[in-house]
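Take a look at the structure set out below.
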Amino acid sequence: MLQASRAGCRDSELGRRAITIFVFMIAIAAFGLGAPSFGTLANIRAIELSSSVLLLASIGATFVILMGSIDLSIGAVASFCGMLVARLSPDLGLWSVPIACVVGLVFGAINGLVYVHLRIPSILVTLGTATTISGAVLFISDGRSLSVSNPAVIDIAQGALANVVPNAVLISAVIYGAAVLIGDRTRFGRMTLAIGSDEQIAALMGVRVNTIKVQALALSGLLAGLAGVLLAARLGSATVTMGSYMTLDTITAVVVGGTAITGGSGNVRLTIIGVLFITTFSDGMNILALPPYLQTIIQGTVILLAVLLNTRRASAEDVK
Amino acid sequence: MNGVAAPIYSMRNASKRFNGIAVVEDIDLDVFPNEIVGIAGENGAGKSTTLKMIAGIHAPNAGSMRLFGKSFRPLSYTHAVEAGISMVFQEQALIPSLAVYENIFLSLESCFTSRIGIVDRAAMIAMSERHLQNLGLGYIDPRRRTGDYAFYDRQMIEIAKAFALAEHFHIDHPIILLDEPTAAIGEREIKILFESIRRYRRRASFVLITHRLVEYVELCDRIYVFKDGRNVGEFAGEEISEQSLHRAMVGRIRDDEYFMETRQLSLVGAPIAISAHGLSGQNVKNVSFEIRKGEILGIGGLVGCGKEAVARAVVGFEPFPPNGTVELGGEVLPLRGRGKAAIKRGVGFVPKERKSEGIVPYMSVQANMSLASLPLVSSLSGFLSRSRERRLAEKYINRLRVRCNGPTQLCQFLSGGNQQKVVIAKWLARNVQVLVLDNPTRGVDVGAKQEIYSVLRDLAEEGVAILLVTDDLPELIGMSNRILVMRDGELQFECSAPADNKPTEQELVQHMV
């Protein structure tokens, strides 16, 4: 009997997700009833856009967290790359976008190389680079906000394919699809999970653990950069701290999506649940015009509840 | 002493199971005042488990314990300490960054706290000093960082801590449990330790576990011998000798059916699959051997004899002894990146720590099985093909009789034996030519054990060369074509073990100790 109930682990996994999704549905229904404007096309579009940005950054964060590492520089990298696009686009136009993404990739790779070769824990490496990059944002912007005026760049986020699907959504959907494929069906995806479980396992398979670690952090930097670019394009301007909310929101999204903060368990597919959870809640509370202080209190509580529903707490031996 | 005084501690009919597997069964054990008691037995005989039951770390599933004339049912180690039992942990339970006195009174700070909440450090230091001096350890400064002291001194600090705690809880005559106290210290320190223990016995009783029989003989007043989790002998005074302990520890009737010895190949003229020359490094001195195709070469020896390091050197699993060469199909494996090169040339490794080195618990059975051979299950697009992966998993689930609900079940939910089969399947999927196994059946139940043996026989018949490093003597003898015995890092003894002429456990053990 015990064996049978354990055997249904996959189902119970789904069951646990189902509870999260159920809570999510109830929240949507409550928002919809409480504020008629919640269900309008304009609002749904707003949720889609903010979800797209956060999803991109969270995808990168998922692989890093699956490995048992963490990237605290996502917000700073996003701010920097957004600002870089604002700064370069008057001269370079659309070319500023790939340049900003490459810069994000380089930041991520630096994180990875320092982490691996100087053997400093990822949390400290990225805490350090986050501070440095935040300083660099001030440097390239003189501490001011810059507007993004190039129509081609703005179109990346605000334009829409056939006037239905916003470009930002399209971009993040394609990358999400690719990430799911990478997570489930490539060596990189398998090995991030194996490393998070125990590095020795991956090492015994003849895998260069360090290479995978650098790749994961570089990917995180690249996607954080792209998220920053999309954010700047969507807002039509870049501010020095515009991406900083992403650092903690990505971690929350990943964990609500069921990935263990200690690594070794979870996958990128479910990160989208965490992203929608965060963006819908914050949007819904805005529409309901709840006082901002109360919003923060509720958001924190809801996140704790979501984590409670969604993680394998019982199986963790030491909770740190 | 025996018979005169009543035992201060006694255990009756105690049993302990883990996951339904009995580790110790029906154990009786007494400790008298001022006595040094030994628990001897092979690896896996249940010595450590018994010690942990006495210390309150494992609760027995059945049976009873009495301490100082009262029923004793500790719920935790802390309870046992309060009742007068302390353990000197093999893995050392002191926090290196704290001062010695802080470690001695760790968690008892409240007893030294004044009304306004300030800890009276001077009193703690003075008491620590007194205890250290009483034990002849005056050279240890209680104010210094514990980590500054050598392993041996830290061990003595743990003993001092045991006495300090006993006094604190008003216990006149504590029982101190020593779990392999000599495993990590040199001959000189062992001598000092033993002299100290003999002196301290005026104030305490000791229970000792060690891997060296000679130490039991030297130190103990009375010895219990365990075999397969049962109490098989008790020796006191004059009866204690290495020979008598040997005889009781081993001497099990070997079942040749169990190891399928009739399927053992004779290997006249079989080509050499892998050879090692002059492997040397820490704990390993000049070990050379070769394994033929289809041969099972067993390496035995006590824990710490260096046999695991030899296995690691062959597969290139860091850290391994760096000197010497490993040759495979006429090619010498490189020193740097040996692990990768070994895998590429068809060497597989089933490590000892299944949980941390073998399986990924939150991955499915199929994902674990394909982990070493991802290119084989990839489609032309470069992505893993689910259907190929599934077919591969189904093949090995059937072949190794892995009991699971299907290829997608998480490995976490499999029993130890089935997890081990998944680890083996991982290498079979790669078509290994050489398989190195380190204690492949540790923590595996009897049925699954035999299935693993059957797989090893299959592989040998297919021409795979197998290196079996094991602490399990019957397994070593039953499975191997040839046996090497190591002691203190050196090859001590080699014998062939044909199906019709297997060496006895005694023959091998005499070369181990």
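Here are a few things to note about the model shown:
- Ranked by the mean number of other Cβ atoms within 10 Å of their residues, highest first, the peptides B:18-27, A:193-202 come out as A:193-202, B:18-27.
- Computed on the stretch B:97-170, with alpha-carbon pairs under 8 angstrom and 6+ residues apart, the relative contact order is 43 percent.
- Distance between the 7 Å Cα→Cβ label points at A:Arg45 and B:Arg73: 7.1 nm.
- The mean number of partner chain beta-carbon atoms within 10 angstrom of a residue's beta-carbon across peptide A:202-214 is 4.
- Amide hydrogen proximity for B:Gly324: with H placed 1.01 Å from N in the peptide plane, the residues at 5 or more positions away or on another chain lying under 5 Å are B:Ser280.
- Amide H within-cut-off set for B:Met363, under 5 Å, with H built and near neighbours excluded: B:Cys411, B:Gln412
- Protection proxy ranking, highest mean first, for peptides B:206-216, B:176-186: B:206-216, B:176-186, where packing is the per-residue count of other beta-carbon atoms within 10 Å, averaged.
- Calculated from backbone phi, Karplus (6.51, -1.76, 1.60) coupling profile of the stretch A:55-60 in Hz, x at Gly/Pro: 4, 4, 5, 6, 4, x
- Shielding score for B:340-349, defined as the mean number of other chain Cβ atoms within 10 Å: 2
- R0 of 41 Å, Cβ-Cβ distance B:Arg345-B:Thr408: FRET efficiency to nearest 0.05: 0.80
- Per-residue ³J(HN,Hα) for the stretch B:24-30, Karplus 6.51 cos²θ - 1.76 cosθ + 1.60, θ = phi - 60°, Hz, x for Gly and Pro: 10, 9, 6, 8, 10, 7, 10
- Taking the charge dipole of the stretch A:39-310 about its Cα centre, with +1 at Lys and Arg Cβ atoms and -1 at Asp and Glu Cβ atoms, the residue from A:Leu305, A:Thr252, A:Gly104 reaching farthest to the positive side is A:Gly104.
- Distance between modelled label sites at B:Val232 and B:Tyr139, nm, 7 Å Cα→Cβ extension: 4.2
- If R0 is 22 Å, the Cβ-Cβ spacing of B:Phe18 and B:Ser241 corresponds to a FRET efficiency of close to 0.10.
- The stretch between B:Asp148 and B:Ser266 holds 36.9 nm of extra length on full extension. This uses 0.36 nm per residue minus the Cα-Cα distance.
- Summarising the label geometry, the points placed 7 Å from Cα in the beta-carbon direction at A:Ile21 and A:Phe188 lie 2.8 nm from one another.
- Per residue of A:183-190, other chain Cβ atoms within 10 Å of the residue Cβ number 5 on average.
- Ranking B:Ala93, B:Leu428, B:Tyr152 by Cα position along the charge dipole of chain B, where only Lys, Arg, Asp and Glu carry charges on their C-beta atoms, puts B:Leu428 farthest toward the positive end.
- Close amide H partners of B:Glu490, meaning residues 5 or more places away or on another chain with modelled amide H under 5 Å apart, are B:Lys285.
- Annotation for the stretch B:245-307: GluC sites (Glu not before Pro) lying in DSSP loop with at most 14 further Cβ atoms inside 10 Å of their Cβ are B:Glu257.
- Taking 0.36 nm per residue of separation and subtracting the current Cα-Cα distance, fully stretching the chain between B:Thr504 and B:Phe169 would add 115.6 nm.
- Backbone N under 20 Å from the B:Glu290 label point (7 Å along Cα→Cβ), restricted to the stretch B:470-500: B:481-485, B:491-498
Where a number appears in this text, it was derived from the coordinates with a stated rule and is not lab data. Everything numeric here is computed off the predicted structure, so don't read it as measured data. Cβ sites come from the backbone with ideal geometry, for glycine too, and all protein chains shown count toward neighbours.
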